[in-house]
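**Q** One structure, as structure tokens, below. Some questions next.
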Amino acid sequence: MRQIARIHSIDVFGPEVHRAVQKQYDYRKTFNLTRKAVQSAVEVGGESLCHLKRSLNDWFIEEKRFAQIDNNKENLDPDQVENLVERWHKGRSSVK
């Protein structure tokens, strides 16, 4: 894909295509890394496997918590917010 863009010196693909390709690349890299970590932890066993399980579980719990925070931000009622920051405008005041 980058070769086409270099040849034509224009971006022939939209942001949706770039995002889909990047997502596939990220998934593949992460999955391969995870597979290697699991294989290594299972071979070694013991504390290594427990540490991997604990780390993955902690990560999953944290991701769920962040997702809840993001959902709360989307459902935020501006009337419930306290201590709003007052903005000071530069230049002349509106009072004459």
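Quick note: the coordinates plus some simple rules give every number you see, no bench work behind them. In this text, all values refer to a predicted model and were calculated from it rather than measured experimentally. Quick reminder, even Gly has a Cβ in these numbers, built from the backbone with ideal geometry, and neighbours come from all protein chains shown.
**Q** When you have a sec, figure out the Kirkwood radius of the range 14-65 from all distinct Cα pair distances and drop it here in Å to one decimal?
**A** Radius from the Kirkwood sum: 12.8 Å.
**Q** For the range 14-65, what is the charge dipole size about the Cα centre, in debye to the nearest 20, if Lys and Arg each add +1 at the Cβ and Asp and Glu each add -1 at the Cβ?
**A** 140
**Q** By how many nm would the segment from V17 to F66 lengthen if fully extended, with 0.36 nm per residue of separation less the alpha-carbon distance?
**A** Full extension from V17 to F66 adds 15.0 nm.
**Q** Using a cut-off of 15 Å between beta-carbons, work out the net charge of the residues near F60 (Lys and Arg +1, Asp and Glu -1, F60 not included).
**A** +1
**Q** I want the local charge near V42. Using Cβ-Cβ distances under 14 Å, sum +1 for each Lys or Arg and -1 for each Asp or Glu among the other residues.
**A** +1
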